[in-house]
Structures are given as C-alpha cells and as structure tokens.
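Scroll down for the structure; my scribbles are underneath it.
The values are calculated or read from the model by the stated rules, or taken from the named source; none is laboratory data. Just so it is clear, the model here is predicted, and its values are computed rather than measured. Reconstructed Cβ throughout: ideal geometry from the backbone, glycine too, with neighbour counts over all protein chains shown. Just the protein is used for accessible areas: all its heavy atoms, side chains included, with ligands, DNA and RNA removed. Shrake-Rupley method; radii C 1.70, N 1.55, O 1.52, S 1.80 Å.
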Amino acid sequence: MAKLTLDGVEIEVQDGAPLVEVIKNQGTFISNLCYIDGLPPYAGCRTCLVEIEGARGLQLACTSRVADGMEVRTSTGQVLDARQAVLSIINANHSDRCLTCHRRVHCQPGDICLRDDTVTHRCLTCAKNYRCELQTTNEMLQMANYEPWLGEERTYYESEAPEADRANPFLEFDPQMCIICTRCVRACDEIRHTGAITLAGRGGETRIAFGAGGPIHDSNCDFCGACIDVCPTATLLEKPNKWIAKSEEWVSTTCTECSLGCTLSMGVRNGKVVMVKPDRLNPVSNDQICVRGRFHYDAIKIRDRLTRHLIRDGGTLGNTTYEVAIAAASDRLANVVKQHGPQSVGFLVAPWATNEEAFLVQRIARGLIGTETVDSTANPVAQAVSTALTNAFGTDALPADLEKLATAKTMVVLADDLESSHNVVALRVKDAVVYNGARLIVISSRYGEVCDFIAPPPAGSIMPSPQKVHSAAPTGVWLRPAPGGELATAVALAGLLDSNAGTADAAGIEMAQLEEAAAIIKGTGEGHLAVVFAPSAGSSLLAGAGAAAAANIAIAAKGAAASESLYVMPTEANVNGIRDMGIVPGAGAAGLRNLKGLVVVGDNPMMQSQDRDAVEAMLKDLDTLVVIDSLRTDTAKLADVVFADLTGYGKDGTTTGADRRIGRMTRAEAATGDQRDAIVVLNDLATSLATNLGKSFLTPGIDAESIMIEIAGMVSGYEAATYDQLESGRTRALPGTTASKADLQAIALPEVPSTNGRLLLTTSRTLYTSRDGSAIHSEEADKLHREEFLEMNPSDAAALGIGQNRPVVLTNGSHELLVSAALTDAVAAGSVYLPLYYDGGVVNRLLPADGSAVTVAVRPA
C-alpha cells in the first residue's frame, strides 16, 4: 500500500495503481475520454492532466502510477486551463456549438439555432443528449464560450466524415460524432478479442471503421455492445429505443438467455425497458454481456404479447376475464382429478422459469393434487447429464467455479459451438488463452469462434496490449472428428490419459493429434484444468454420454480434485434451479403421454421437445390443457385456458446458473393490459382447486420473496438465498454434500448411422435468434437474418447440385422441411446443421424423442 495526498487529503491506496482510476474511485472528477479502466493507457485525448509535486510540467493521470508519498492536485487553475485547451482541439472536429454555448440548457429541441444555422447536429437533437461523456466533460471543464478560434473562418468539420450507418437493427455508427478516442477499437480487440473495429486511414484522415470499412453487418461484429458501453459520444449507439433511452430508473436483474446468468442493468422509462447494460454483480460476466442479453429484450413488441386471458369456446380461443379463466381452469382440472385420479394431471415448467415459480408448482402438484408428474422440456437432457455426473462424483452439484475459468492453464471445450450457446463463457476461455497463455483443446466437428484461439495470434494484431501473452507455438489443438464422432474422440482422449477410461476409434482424428492433446493436458501439472461441457438440447442420449466422457477426462487428469475442473453448461437458464426446487419427475410418474390434464407454466413443448408430431398429438388428446405464458406460442394455441403472464423482465425471483450462482431477478417492466404474475395465477388457481377438491392447501407464499423464505428453510444450498442476504451473482447454491468420489465410467457409444448418401442432421442453440421471437414464428426472430438457413459443407452441396442461398428440401423419410441452404466450411462434410430455434424449433419435427442420431436426404427444391 502507498500513502497518496490527493487535493490535500491523505489517502491509502494500492501501490502502483493507475492514478486516473484512484482519482475516480475517490469521487473526484477527472476527464479521461480515451481511458478504459483495467486496460493499458492509450494517452490519446490528453484530458486527464494533473499536477504531481516534483514532476516537470503537468502529467497524464492515465500513464502515472501511484507511489508512496505522491502529492497530486487535480483542480488548480493551470490544470483547468490545460484541460480546456486540449478539449477545444477535440471539440474542433465535433459538432460542438451546443457543447460550448452558454444558452444550451435553455434551448428546446425544436428551436432554430440563430448563432450557427449551418449546424445540423446539436446536443438537443442527438439521441445521446444528457448521457454523453463528451457533453459532461465540456460542462465540468466549463467550456461555455471557450472558443479559441473566435473570429476565424470555420466550417462544421475540417474534413468530410463518412455517412452514418443506420441500417443495422442493433447499433448505429455515426463517424461524424467520433473523436478518435479509439476506446471502441481497444474494447473490441482487448476485451472481446474480436477485432471487428479498426483504425483506418492516416494522419488527419484517420477514422474508425468496421471490418474493411463497409457496413457493420458485413464485418465480424457479434453485436455484444461493448463498444457502445465505452463510446464517449453518440458515434456508437444502441438503435432500439434510442430516442427514449434516457431512463427514469435502472433496475438490476439477471439474464435468462443462457445458463451463465449474467447480471443486467435495465434502463426503464414509463414502465418499459428501453436499454440494457451489463451489471457487474456477477463476477464471471462482470462488465460484459452478449447480443441476446443486450438486445433481445426488444425482440417482441407489446402488440405481440398476450395482454388478455383466453378461454376456448366452441373450438376458438377468445378473450375472457381473469376470474372466469381461474374458475374454468379450476373446474376442468378438478374434474380430471375426480374422473381419472391425481396422477392423470401433470405440470410442465419452463427451464427459464424462476426458482420461486418452480417451487410453488411442485408444492401445488404434490401437496394439493397429489401427482408426481412434474417435469420440464429440459429434463430429458438434464436428467441424463445428472445421472452421469452422479455416477462419477456422487453428486451433480459440482463445486467448479466459473470465476476460475480465465485463470486456467489448460482448457478442454466439448461443445457444438460455445461462442453461440454460452457467449460470455467462450469469452472467458479466450481470456485464458490471450492473457494467461492457456493451452486450448476443442472437440467438435462444427467450427466455433473459440477454434480461432488455437492457432498463434496473427502478427501485428490491432492495438496489441502488453498484457497479452503471445505464444510462438500453437496454443492447442482442434480435434475435429467426422460428424457424430465427438463422443468417441472424447473417450479416446480420456483413454490416453488413463487406460482405465476405455478406448474408442475417433474417426477423422489422427493419433498424433490425440497424443498432442493428451500431452497438453498432462502438462497442466498443478495448474488449473478447465473441462467445459455444453450439451446440445437435441439429444439426451448424447448429452448423458458426453457428460460421462467429459467427467472421465477431468478425472483422468485431476483425480480426486476433478469435480473442481468440470464445468457443465445446462441448455437453458434455470435448469439447475428448477430441478433443485423439485421439478423432476417422480419415480412413479406415469409420463406425459398418459395424462388427461396438463398445466404448462412458461414452457413450450411444441418448440422445445423432440418428436414434435407425437407431442402435438398428446397435447390435442388431453381433456384439459392450461397454459400460463406471456406469448401465444404453438403450445398456447392448443390450450383450453391461457393466462397472460408477465414478461421475463417483469418478474421478481431468482435463477440458478451453470456453476450454481443464484441470480436475482427484479421487476423492471410493468404489467400491460390484464397480465398477471405467474405466481399470482398459481396461487389463485390453487385456492380455487382446493375448494373444488374439498382440500385445504397452505401456499408457500403469495409473492416471490415469501416463497424464497420457505425455499431457504427447506432446500439444501439455498440457506443464504433470502432476498435480504442474497448477493446476486455471488451467492452459490452448493448443498452440504460435495463430491464424494471420482470414478471413471465405461461409456457405451451411441450408434452413428451410416450415411449412404444421406447427411447427419445436427442442431444447437445459435447466437442471434430470439427464443421469444421464434416461439411466435416472428419474421424478426433473427433480426440479422443470419441463422435462417440449413448450413451445408460446400463439397456436399456441389455433389447434390445445391447453390448458395438456394431453396432445398430435407427429409428424414417421414417429414419434409423447405429451407434455404447456406454453404460454409463451418459444417463438416457429411453433415448438415439447422439451428435449434429456427422457425419455432421446426428441426424437432425431424428428431426422435430417444435422442438417437438422424440422417436426412437433401435435394434442390
């Protein structure tokens, strides 16, 4: 520690800390238009000048490091004069008339500026007005009427800037607003490891550009929005709701787009979310989120959501009152129980529902109705994974902490495409390679961005950071087997680490590659090994075997400590949580196909379940189907009674992420129309059902907070999860039982069917398609329209006479789908790939419920 005198006040801070960060952390204003906390200084804007006792002249706070005995002054007249002079140069190539006008605060957006009528860009007509860092800096440095060029001929810009790119659905890019601070370039390169934004041109012609200088859409940008967060002006701006994004309040909540559970800060205006930013509460996601977390709140407009409750009358679903809907649902379910018994009624809970909703459902099911048929569409995969983990470790609640992922020395990624399914987890994998020199092994026949981090980094990478660890040798190996051979490859790798793990023929993989991967893992030594397994939702059979293989790799490498090295990423946001709450079919469950009545809480089996035709037949055969949802999904269309639920961001509650971090969801959006919280609906339905069945029922709580109090007293691992003590994103739901063993398992490899001129069908979650949008078959479910194709290897397409973007028919023999083909080397020859959420999960029409592999025939349409 070091003692520092800051503006006359002595403080104690970390020795060697960046001075600019220390000054800001003490609550003292200092302009720093080009600095990004945590990254090496760029020292381009020069606005963070300070006086340091004993130093010659003024110093940059961003390049200065704290030393014991240092005396710093930030607000002297000399400092202010110097900062103003520097800022005036920055303003000279920006629309600055409002920034330096003393009457700006008196203007209205519709006024005409008589002082300079050639100015078309003004603060009051800018979407970032009053949330612009450059604007704030001008005000804090008292730049009103500071015009060193007074009396000179001066145009709006010294050089013509490129036209703004406003065609993208997620972000806008206006080079005319740019001050060349390069924050976006460095954030994209050094934080996101993407490099989609570059510095183009030289000297006075230097500018920011995406990719090769064309539209944003044509670059490799993945729309995470990190550039927007660091941009000090309106150069980079979120497009949705940009004119109303000046929020009235900010609400912290948890993302439900994947099982990481990133914490979000939601800007709210008039009861609706108008902007989303990262919230640093979850230390794994910290200040980063992905395109789904940032922009998919806007995937569904309110006009497309349910705002009234529905009841079926004469074959047609029509609007009804809440009271009538409760009475009808209660009467119909009670009649089913009386006629067919309690086990004839089942409950299906969405794997992204809150813990509180799930706990309430299972209490109603078991405590009131007396049924053990309590399930979720995610449970077949989750149960298979749980069984494999329990066989290996004695528990499926593993202690592996995702915070340690970025510190790993060696990583093994067993996933279809981790970048798409769990984007920020993939980011932490990249962090480990780039900043920690980690060695990376990827097992996948399908290309994903993490594969790019196996080769050495290219020479002359954009804005290289001295903190990066660049290895001269390849950083790992991509084990790319023949389609369907991932599992055999994982088994073979584990066998090289420990012969007791078994052997397998890894088709398409040379033994030298396997031996290289095994040597890398053995070289981990005492360092941290991270085995990341992300099962696909398309096959419970492959998920269970894959979990066992991943466990074998960890155990063969780390022995008794293996449970701390295995990271399992569930298919949906709250798979762990709802299972903890009891959403697991009881041992005596009759199964959904034998039900007469079903209550679906947020789930959508018509989209999420394989063998969709059989699911549809089962739903249509029910005596009563009750759905609680915010959308008119394909499942809701078949219901007898539909309750209009709140949106996901209109709920209070919690979710439990991949490494069992409990994330707090706080209500950000107000109800629209007659929407009711699912907890309210379930409580009212239970009260009415109890009367109809002649039973008494004590609800665990009338709201989410009350239910969590009961959860904390009953569910192991949730003792510290009451809202008054929960640290969102930091509290972990780890039960008292820890891994009691580390046993290798014999793995029966599922059969990979012979193609015989057909192609293996693969699927998984993709990055850009909105689950909600897909559930209602919205044409804007994928706003970028990048994931609306059947992906094929060019060699297969050429053999079949199929061209790029041409319509094709694929069939499994009993069903046909008409789609467009996208030719890409990302898909291995011998296979095709159709995104899991394309067109409401239409791929599930072709996939069998038992999880076995499927081949399809593809022909030009």
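Amide H neighbours of Met275 under 5 Å, at least 5 residues apart or on other chains, H built in the peptide plane: list them.
The list, which skips near neighbours in sequence, is Gly267.
Under the rule a/c < 1.5 gives rounded, and otherwise a/b versus b/c splits prolate from oblate, where does segment 730-861 land using the Cα gyration tensor?
Oblate, because a/c is 1.5 or more while a/b does not exceed b/c.
Roughly speaking, what is the stretch gain from Thr206 to Lys301, that is 0.36 nm per residue apart minus the C-alpha to C-alpha distance, in nm to one decimal?
On the way: separation 95, 0.36 × 95 = 34.20 nm, distance 3.96 nm.
Gain on stretching Thr206 to Lys301: 30.2 nm.
Report, to the nearest whole %, how much of the accessible area of segment 249-370 belongs to carbon and sulfur atoms, 1.4 Å probe, protein only. Intermediate values should be presented prior to the final figure.
Numbers: 1830 of 3990 Å².
The nonpolar share, carbon plus sulfur, comes to 46 percent.
Straight-line reach from Lys637: which aspartates and glutamates have Cα under 17 Å away, leaving out those fewer than 8 places along the same chain?
Cα-Cα hits under 17 Å: Asp304, Asp313, Asp603, Asp613, Glu616, Asp621, Asp623, Asp629, Asp645, Asp772, Asp839.
Tell me, what is the per residue accessible area of segment 250-379 in Å², probe radius 1.4 Å?
31
Can you give me the long-range amide H partners of Asp782? Hydrogens built in the peptide plane at 1.01 Å from N, cutoff under 5 Å, separation of 5 or more residues or another chain.
Ser770
Taking the Cα atoms only, what angle lies between the long axis of helix 540-558 and the longest principal axis of the chain, rounded to 10 degrees?
60
How do Tyr723, Tyr567 stack up against each other in accessible area, from largest to smallest, with a 1.4 angstrom probe?
In descending accessible area the options line up as Tyr723, Tyr567.
Taking the structure as given and computing semi-axes √(5λ) of the Cα gyration tensor in Å, which label from (i) 47, 40, 24; (ii) 47, 34, 28; (iii) 68, 33, 24 fits?
The value matching this structure is (ii).
For Gly729, enumerate residues with amide H under 5 Å from its amide H, sequence gap 5+ or separate chain, H modeled in the peptide plane.
Those lying under 5 Å, H to H, from Gly729 are Ile662, Gly663, Arg664.
Relative to the longest principal axis of the C-alpha atoms of the chain, give the angle of the C-alpha long axis of helix 678-693, reported between 0 and 90° and rounded to the nearest 10°.
20
To the nearest Å, what is the center-to-center distance of segment 656-701 and segment 232-308, using C-alpha atoms only?
24
Given the whole protein assembly as supplied and a 1.4 Å probe, what does the accessible area of Met140 come to in Å², nearest 10?
About 100 Å², ignoring ligands and nucleic acids.
Out of the GluC sites (Glu not before Pro) in segment 769-817, which ones are loop residues according to DSSP with at most 13 other C-beta atoms within 10 Å?
Qualifying residues, ordered by number: Glu779.
Would segment 496-572 count as rounded, prolate or oblate if I go by the C-alpha gyration tensor, calling it rounded below 1.5 in a/c and otherwise prolate when a/b exceeds b/c, oblate otherwise?
Oblate is the answer for segment 496-572, as a/c is 1.5 or above yet b/c matches or exceeds a/b.
Express as a percent, rounded to the nearest 5, the fraction of DSSP beta bridges in the chain (both residues included) that run antiparallel.
Values: 57 of 101 bridges.
Antiparallel: roughly 55 percent of the beta bridges in the chain.
Would you calculate the separation in nanometres between label points at Glu719 and Asp401, each defined as 7 Å from the Cα along the Cα-to-beta-carbon direction?
Output for this residue pair reads 1.8 nm.
Between Glu71 and Trp250, what length comes free when the chain is fully extended (0.36 nm per residue of separation minus the Cα-Cα distance, one decimal in nm)?
So the extension gain works out to 60.7 nm.
Let's test the formula: R0 of 41 Å, r as the Cβ-Cβ distance of Val324 and Arg269. What FRET efficiency results, to the nearest 0.05? Don't skip to the end; give the middle numbers.
Numbers: r = 34 Å, r/R0 = 0.82.
So, using R0 = 41 Å, E works out to roughly 0.75.
So, taking all protein chains as they sit and a 1.4 Å probe, how much accessible area belongs to Trp478, in Å² rounded to tens?
60
What nm distance separates the two modelled labels at Gln804 and Glu705, each placed 7 Å from Cα along Cα→Cβ?
Once both label points are built, they end up 5.7 nm from each other.
Multiply the residue separation of Arg280 and Asp452 by 0.36 nm, subtract the distance between their alpha-carbon atoms, and state the gained length in nm to one decimal.
That works out to 59.2 nm of additional length.
Mean residue ellipticity at 222 nm from the helices of the chain, using -39,500 (n - 2.57) per DSSP H segment of n ≥ 4 over the full residue count, to the nearest 500 deg cm²/dmol?
It lands at -7000 deg cm²/dmol.
Ignoring ligands, DNA and RNA, what percent of the accessible area of segment 3-100 is carbon or sulfur (1.4 Å)?
Looking at segment 3-100 in its full context, I get 45 percent from C and S.
Excluding ligands and nucleic acids, what accessible area in Å² is computed for Met714 using a 1.4 Å probe, to the nearest 10?
Only protein atoms counted, so the area is about 120 Å².
Using θ = phi - 60° and the Karplus form 6.51 cos²θ - 1.76 cosθ + 1.60, what ³J(HN,Hα) does each residue of segment 289-299 get, whole Hz, x for Gly and Pro?
9, 10, 4, 5, x, 7, 10, 6, 4, 9, 5
Straight-line reach only, C-alpha to C-alpha below 16 angstrom: list the aspartates and glutamates that Lys695 could link to, leaving out same-chain residues fewer than 8 apart.
Asp331, Asp684
Take Val680 and Arg786, extend 7 Å from each Cα along the Cα→Cβ direction, and tell me the distance between the two endpoints in nm.
A separation of 3.9 nm, rounded to one decimal place.
Which lysines have a Cα lying under 30 Å from the Cα of Lys239, excluding residues fewer than 8 positions away in the same chain?
Counting by Cα, and skipping residues close in sequence, Lys239 has these lysines nearby: Lys24, Lys128, Lys272, Lys277, Lys301, Lys430, Lys651, Lys783.
Give the accessible surface of segment 797-861 per residue, rounded to a whole number of Å², with probe radius 1.4 Å and ligands, DNA and RNA excluded.
Computed with neighbouring chains in place, this is 38 Å² per residue.
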